[in-house]
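Participant: Structure in structure tokens, see below.
The values are calculated or read from the model by the stated rules, or taken from the named source; none is laboratory data. As the structure is a prediction and not an experimental result, all values here were calculated from the model. FYI the Cβ positions are ideal-geometry reconstructions off the backbone, even for glycines, and counts take in every protein chain you see. Just the protein is used for accessible areas: all its heavy atoms, side chains included, with ligands, DNA and RNA removed. Shrake-Rupley method; radii C 1.70, N 1.55, O 1.52, S 1.80 Å.
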Amino acid sequence: MNKIILPALLLGMVAFNAAAEESADPQVKRGEYLARAGDCVACHTKAGGEPFAGGLPMATPIGTIYSTNITPDKQSGIGGYSYDDFQKAVRHGVAKNGDTLYPAMPYPSYAVVSDEDMQALYAYFMHGVKPVEQANQESDIPWPLSMRWPLAIWRGVFAPDVKAFQPAKGQDAVLARGQYLVEGLGHCGACHTPRSITMQEKALNNDEGSDFLSGSRAPIDGWTASNLRGDGRDGLGRWSEDDLVQFLRMGRNDHTAVFGGMTDVVQHSLQHLTAEDATAIARYLKSLGAKDPNQVGFTPDDTVAKALWKGDDSKTGASVYVDSCAACHKTDGSGYQRFFPELRGNPVVLASDPTSLIHIVLSGAQLPGMKGAPSVITMPAFGWRLNDQQVADVVNFIRTSWGNTATSEVSASDVAKIRKDEAVVHQQGNVDVEKLTP
């Protein structure tokens, strides 16, 4: 999913809001809320385009596909869909013409969405969304890989049966609600669960194993999705339920701030959830056990902080950190709460895959204001003035300081590979690395 669309989507969201507000139908309003919970607008709106009119490019290993027009336009959208056509597409992955949808559409997750919620979503998309005449764009996947019939086989083998979510007997109602949102409309596993070589999620729920929500194993648009389980090092084990609620609703908490693709999720979806639903999601995530129960947790160490305080920047990467990072993240890596994330003990820093950390050093990031947290947080890009070796050095410094103990070392070639990623190039602009001097 291409996530480099935030500024362009902001204007489109005005139309998104206005369309539903024109309707007094409670079913339409409920459908609008559910569409937000599912973050439908992020994938079905291209940069600068009309909400839900499609056209957003999505890179896959076999080529680029484009999201479809899901406005109620009768010619190019879904205006001619009956309710049954609609629910078959959303929950079964089958379009009105019988084609199987690419699994970039998370219909394996939506298979648990209830009939009542599907009816509300249908009402919203038919009566609360402005119709937009915009033809769907064909994929750039070459023949014979572009043939649809193999997708039907994939769906038959890997997609679950469509069955509305049912809480376990005696399950706490708040936990059950959180589970429904996480596994269903929120489709959190689509990014946060590793996939097999055949591209299906290794687990669609916690009952299928601890791979569920244990973090992606491959970058998505140049970012790796974090471990959402209870691991004490690279997961949510050290976060409280309140920490997680704040992160979901505001995109920041005392420990960190959202970046990358998750920015869109908070901007367009999570910040609009009720406090009750945000709490339900947080409580459910906190109920998940660790992927690795033997994982060694984080222990702070002030050795590097004391050295920097005394002016000793002899550790490789320390001088780059002091020049470029310390003003916001401090020499002890503690950052500034709710503004500049703490780097010591940060799960993203401690993750085995350093892709996200390298990416954010190269490209920077901006977190827009959210409800309850209106300030904008900006991290500048450093890819334009740091060469590959300098980026590798400062990333290694961050990953091995203040108690952070990285399990792998980043090389200049690792940085060069990420710098060439299309998503990273788009964000940092074309940088002539050869002209950057150490």
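Participant: Could you pull out the residue among 314, 269, 287 that is touching a residue at least 60 places away in the same chain (Cβ under 8 Å), of a type in the set (Ser, Thr, Tyr) and either within 30 Å of residue 388 (Cα to Cα) or open to solvent by less than 40 Å² (accessible area, probe 1.4 Å) (or both)?
Facilitator: When all the criteria are applied, what remains is 269.
Participant: From the list 347, 293, exactly one residue is open to solvent by 40 Å² or more (accessible area, probe 1.4 Å) and at pLDDT below 95. Which is it?
Facilitator: 293
Participant: Looking at (1) within 17 Å of residue 360 (Cβ to Cβ); (2) at pLDDT below 95; (3) in contact with a Pro (Cβ under 8 Å, 6 or more places away or on another chain), which is the one condition that is false for residue 261?
Facilitator: Of everything listed in (1) within 17 Å of residue 360 (Cβ to Cβ); (2) at pLDDT below 95; (3) in contact with a Pro (Cβ under 8 Å, 6 or more places away or on another chain), residue 261 misses just condition (3).
For (1) among the aliphatic types (A, V, I, L, M); (2) surrounded by 12 or more Cβ atoms within 10 Å (Cβ to Cβ); (3) over 17 Å from residue 89 (Cβ atoms), each residue gets a yes or a no:
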position: 123; (1), (2), (3): yes, yes, no
position: 128; (1), (2), (3): no, yes, yes
position: 138; (1), (2), (3): no, no, yes
position: 143; (1), (2), (3): no, no, yes
position: 146; (1), (2), (3): no, yes, yes
position: 152; (1), (2), (3): yes, yes, no
position: 158; (1), (2), (3): no, yes, yes
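Participant: OK, next. Taking the condition part of a helix (DSSP H, G or I), more than 25 Å from residue 302 (Cβ to Cβ) and more than 25 Å from the chain's Cα centre (by Cα), does residue 413 pass?
Facilitator: yes
Participant: Could you grab me the full set of residues in segment 265-324 that are part of a loop (DSSP other than H, G, I, E, B) and of a type in the set (A, V, I, L, M, F, W, C)?
Facilitator: 273, 288, 290, 296, 298
Participant: May I pose another question? Where in segment 168-256 are the helices (runs of 4 or more DSSP H), entirely inside, with at least 1 residues that are more than 30 Å from residue 376 (Cβ to Cβ) and either touching a His at 6+ places or on another chain (Cβ under 7 Å) or open to solvent by 20 Å² or more (accessible area, probe 1.4 Å) (or both)?
Facilitator: Here the list reads 173-183.
Participant: Give all pairs with beta carbons closer than 7 Å in which a residue from segment 392-418 that is within 16 Å of residue 307 (Cα to Cα) meets a residue that is basic (Lys, Arg) and open to solvent by 10 Å² or more (accessible area, probe 1.4 Å); count only pairs at least 6 apart in sequence or on separate chains.
Facilitator: Listed pairs, sorted by first residue: 397/315; 402/344; 403/344; 404/344.
Participant: Also, I was wondering about something else. Would you mind stating whether residue 355 is out of contact with any strand residue (DSSP E or B) (no Cβ under 9 Å at 6 or more places or on another chain), touching a residue at least 12 places away in the same chain (Cβ under 8 Å) and of a type in the set (Ser, Thr, Tyr)?
Facilitator: no
Participant: Would you point out which residue out of 400, 331 is touching a Phe, Trp or Tyr at 6+ places or on another chain (Cβ under 9 Å), open to solvent by less than 70 Å² (accessible area, probe 1.4 Å) and either modelled with pLDDT under 95 or farther than 15 Å from residue 222 by Cβ (or both)?
Facilitator: 331
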